[in-house]
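Here the structure is laid out as structure tokens; the discussion comes afterwards.
The values are calculated or read from the model by the stated rules, or taken from the named source; none is laboratory data. Everything numeric in this text was worked out from a predicted model, so none of it was measured. No Cβ is skipped: glycine too gets one built from the backbone with ideal geometry, and neighbour counts run over all protein chains shown.
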Amino acid sequence: MDFALDEMQTMIKDSVARWAEKEYDFETRRKLAVGNGFSEEHWRTFAEMGWLGAGLSEEDGGLGGGAEESAILAEEFGKVLLLEPYLPVAVLATQCLLGTGHAGARELVQAIAAGETRVVLAHEEVKAMGVLSHVSTSAGSDGSINGVKTLVIGAPFASKLIVSARTSGEARDQSGIALYLVAIDAPGVERKDYRLADGTRASEISFRGAKGELIAADGFAALDRGYAHALVNLAAEGVGAMERAMWITRDYIKTRKQFGRTLNEFQVLQHRMADMLTELEMTRSALYRALGQLDTDPAKRRLNLAALKVQLGKSARFVGAQAIQLHGGIGVTEEYSIGHYFKRLTFIDSVYGSGAQHLKILAKAIQAGN
Amino acid sequence: MKLQIDPKYDAFREEVRAWLKEALPADMAARTLQCYHTTIEDRRAWSKILAAKGWAGPAWPKQYGGPGWDEWQVMIFEEECYLAGTPMVDEAGFKLCAPVIWTFGTDEQKQRWLPPLLAGDQYWGQGFSEPNAGSDLASLSTRAVRDGDEYVINGTKIWTTDVHYADLIFCLVKTDPEAKQRGISFVIVDAKAPGVTIRPIIDIGEGHSLNEVFLDNVRIPADWLIGEENKGWGYGKLLLDNERAYSAEIPRNKRTLARLKKLAHETGMIEDEGFALRVAEAEADLSALEFMTLRAMAEKAGGTNFPVGSILKIRGSELLQKLGGLQVEALGPYGAVVYPHGATNDMPPGPAIGHGVLADFMYRRAVTIYGGSNEIQRTIIAKSYLEL
């Protein structure tokens with residue numbers, strides 16, 4: 001095991017950091033957030049730099065990296081609170097497509113990595129409550145899809161959807177879930193777009209007899225793989241966001257004066273910041289653990305990921321909240337950066353199954369004798 | 001960055017586990033898993049078994065009789081020992097004193113003290129803290145004054161774990177009272193020498209592991225001072241730095257979690273969803289801490305100022321206390337009953353597996369205090385890394 005970055009990993013990290021510093025300062029991002037939340041120019045850059053394929057092998061159109069490389073990139077994106085749907089497209093949808101083993105899906109992955117098309121996964125449903133196998137959207141024997149998908153992050157900027165739909169069984173069975181590729185403007189697809197707390201965009205999508213191309217007859221394993229990769233990348237983003245929020249706060253309390261002293265001289269605030277670093281590093285450790293065991297058997301992986309999401313949610317909420325608290329009043333203003341870190345960190349806990357929902361997965365395993 | 005775990009460590013774990021299954025007497029394991037302080041008889045017997053196998057000093061370099069394991073193997077070995085229920089061995093001697101002796105001692109000193117320690121023939125106690133030097137250790141006032149070929153030592157040491165079983169005590173003493181950290185030396189004291197008085201301190205778990213040691217004109221040969229005079233503070237610091245990757249006490253935490261689950265399944269408390277959620281939270285904490293320990297081992301080589309030892313200390317000790325509290329809760333009403341050390345009859349009532357839970361829970365209030373209190377650790381993080 002080696003925790004130090006190798007040459008290619010250092011190159012990825014540095015190139016994203018350089019780009020972010022030049023093109024993604026807080027004011028630029030803020031304008032984008034209140035605009036449409038997406039820049040075609042940024043996306044072209046991501047493709048040209050190879051970032052959309054950072055976690056892909058060369059035959060899949062990537063840089064020859066793996067989950068570690070993708071996570072390094074996500075961490076840097078997290079530091080600047082990236083709005084563009086890198087994670088939903090280049091990680092969640094891409095890994096899900098690879099998980100199907102379908103030849104057409106594999107070609108699509110190359111097109112995504114090249115920036116030629118954007119695909120997102122339409123899987124979440126209102127009643128899922130963090131249960132990955134929950135699918136009540138149905139697909140008939142003729143392949144027509146009926147149902148409603150919610151919180152499809154990045155859908156306003158996508159041209160295609162991967163839709164999970166049930167062909168047999170009960171709403172939470174792992175078997176009987178098929179995956180279809182559906183064009184975003186296909187007949188029978190209706191999309192309503194909205195804004196999330198952190199400025200990213202998502203859609204509510206209803207399917208009324210929409211037709212798609214079948215890419216997996218039994219697609220749960222592909223979904224599981226997609227979400228496993230998405231979760232570690234989300235954690236990496238969270239680590240990046242927490243780290244940046246911590247340093248912004250550190251710099252602030254070294255300059256802000258009250259009672260004739262700068263705030264960093266108060267021991268209670270020193271200790272609070274020590275706790276912020278500690279929380280952040282707990283998540284980083286859980287992330288490394290999950291990354292190293294991403295290819296183990298799915299049952300073991302699920303528990304590792306659950307532990308990661310529990311830690312991530314706890315850390316994100318604590319660091320986000322304390323970052324505002326230590327700033328005082330300015331922390332709750334829209335024009336200052338730290339509140340936006342809080343928004344993203346809050347969102348990170350709730351997405352892809354909340355920390356609380358993942359804690360239940362762990363507790364049930366313990367009750368079963370694990 | 002490559003984060004996959006080398007399968008050779010799984011094989012090593014299996015090897016250790018298989019050996020422990022054969023070598024560790026069942027009654028000894030049962031006693032240890034009750035988590036009272038280890039008796040001297042069990043400690044002696046187990047030390048001899050380890051010595052015969054050649055595994056007494058897991059972290060020792062090969063040239064001094066160690067098995068030549070890397071740090072992670074050492075931790076795996078300790079984890080398996082804890083889970084199996086091996087008695088505590090002479091931690092102070094093996095982990096704290098021996099590295100100072102082999103790093104800074106003369107060949108004669110190494111010969112004099114390392115082999116008997118490894119063989120389980122001599123036991124050590126640690127004399128660092130004093131009644132007026134706890135977290136502020138550098139303000140210690142025990143004096144050593146040179147007198148011909150000897151030093152004469154006067155002062156009081158406190159919290160000296162298991163010194164009532166010890167043959168030797170390693171102490172930090174003042175050799176230059178004018179200087180603060182720079183006037184401290186590292187000396188060895190014969191625990192049975194005239195002028196050494198040991199007073200037991202009973203902890204709130206009603207156990208006896210702690211002591212106060214009075215040193216009244218105690219004489220030691222001049223060559224019982226390790227390294228150079230007035231350099232002892234640096235030696236002590238180096239030794240603590242070496243140990244920092246182990247600060248989260250992963251082996252002890254793993255055993256405590258395993259015991260908690262066993263208890264909660266036996267008493268039925270695990271059926272309670274709220275309780276199970278809290279156990280799950282503790283387990284998530286432990287799995288992150290375990291990986292942070294691996295990071296600490298790797299970053300040690302990198303020589304950064306990242307305060308991983310302090311982070312591990314804070315979270316590992318807090319977790320240990322949390323797990324202890326959950327064990328007490330898992331016993332339901334019997335969590336409040338006192339089971340005296342060695343109790344074997346069926347009075348007081350309650351499940352036999354509960355013996356020792358309360359005593360251990362009480363004693364472990366100390367973990368957030370010793371080794372640099374958690375408040376000191378937070379200040380270290382804030383000052384050294386966050387530059388506040």
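So is B:Gly335 without any contact (Cβ under 8 Å) to a residue 24 or more places away in the chain and either over 24 Å from the mean Cα position of the chain (by Cα) or more than 7 Å from chain A (Cβ to nearest Cβ) (or both) or not?
When the stated conditions are applied, B:Gly335 passes them.
Of B:Glu329, B:Glu273, which residue is of a type in the set (Asp, Glu), within 10 Å of chain A (Cβ to nearest Cβ) and either out of contact with any His (no Cβ under 8 Å at 6 or more places or on another chain) or buried (at least 21 other Cβ atoms within 10 Å of the Cβ) (or both)?
Exactly one residue qualifies, and that residue is B:Glu273.
I'd like the residue in the range A:8-55 that is within 14 Å of chain B (Cβ to nearest Cβ) and of a type outside the set (A, V, I, L, M, F, W, C) and, out of all such residues, is surrounded by the fewest Cβ atoms within 10 Å (Cβ to Cβ).
Per the stated criteria, the residue is A:Thr10.
Output the number of residues of the range A:106-140 satisfying the condition of being touching a residue at least 12 places away in the same chain (Cβ under 8 Å), within 15 Å of A:Ile215 (Cα to Cα) and not hydrophobic (A, V, I, L, M, F, W, C).
Within the range A:106-140, residues that are touching a residue at least 12 places away in the same chain (Cβ under 8 Å), within 15 Å of A:Ile215 (Cα to Cα) and not hydrophobic (A, V, I, L, M, F, W, C) number 2.
Mind telling me which of the residues B:Ala298, B:Ala280, B:Ala359 ends up being more than 9 Å from chain A (Cβ to nearest Cβ) and either part of a helix (DSSP H, G or I) or aliphatic (A, V, I, L, M) (or both)?
Residue meeting the stated conditions: B:Ala359.
Counting only residues that are assigned to a helix (DSSP H, G or I), under 16 Å from the mean Cα position of the chain (by Cα) and among the hydrophobic types (A, V, I, L, M, F, W, C), which one in the range B:84-99 is nearest to B:Ser185 (Cα to Cα)?
Among those residues, the one meeting the criterion is B:Cys97.
Please identify the pairs in which a residue from the range B:95-110 that is of a type outside the set (A, V, I, L, M, F, W, C) has its Cβ atom under 6 Å from the Cβ atom of a residue that is modelled with pLDDT under 95 and part of a loop (DSSP other than H, G, I, E, B), counting only partners at least 6 apart or on another chain.
Short answer, once both residue conditions are applied: none.
Which of (1) assigned to a strand (DSSP E or B); (2) of a type outside the set (Asp, Glu); (3) more than 21 Å from the chain's Cα centre (by Cα) is the odd one out, the single condition A:Tyr194 does not satisfy?
Of everything listed in (1) assigned to a strand (DSSP E or B); (2) of a type outside the set (Asp, Glu); (3) more than 21 Å from the chain's Cα centre (by Cα), A:Tyr194 misses just condition (3).
Would a scan of the range A:269-289 turn up a residue that is more than 22 Å from B:Ser310 (Cβ to Cβ) and either more than 8 Å from every other protein chain (Cβ to nearest Cβ) or crowded, with 20+ Cβ neighbours inside 10 Å (or both)?
For the range A:269-289, residues more than 22 Å from B:Ser310 (Cβ to Cβ) and either more than 8 Å from every other protein chain (Cβ to nearest Cβ) or crowded, with 20+ Cβ neighbours inside 10 Å (or both): absent.
Of the conditions (1) part of a loop (DSSP other than H, G, I, E, B); (2) within 11 Å of chain B (Cβ to nearest Cβ); (3) closer than 18 Å to A:Leu81 by Cβ, A:Trp247 satisfies every one except a single condition; which number is it?
(1)
Does B:Arg315 qualify as being in a helix (DSSP H, G or I), among the basic types (Lys, Arg), surrounded by 19 or more Cβ atoms within 10 Å (Cβ to Cβ) and facing chain A (nearest Cβ under 10 Å)?
Spelling it out, B:Arg315 is indeed in a helix (DSSP H, G or I), among the basic types (Lys, Arg), surrounded by 19 or more Cβ atoms within 10 Å (Cβ to Cβ) and facing chain A (nearest Cβ under 10 Å).
Hey, among the residues in the range B:362-388 that are touching a helix residue (DSSP H, G or I) at 6+ places or on another chain (Cβ under 6 Å) and part of a loop (DSSP other than H, G, I, E, B), which one's surrounded by the fewest Cβ atoms within 10 Å (Cβ to Cβ)?
Per the stated criteria, the residue is B:Leu386.
Considering only the range B:228-250, I want to know if a residue exists there that is part of a helix (DSSP H, G or I), modelled with pLDDT of 95 or more and over 22 Å from B:Gly125 (Cβ atoms).
Within the range B:228-250, one or more residues are part of a helix (DSSP H, G or I), modelled with pLDDT of 95 or more and over 22 Å from B:Gly125 (Cβ atoms).
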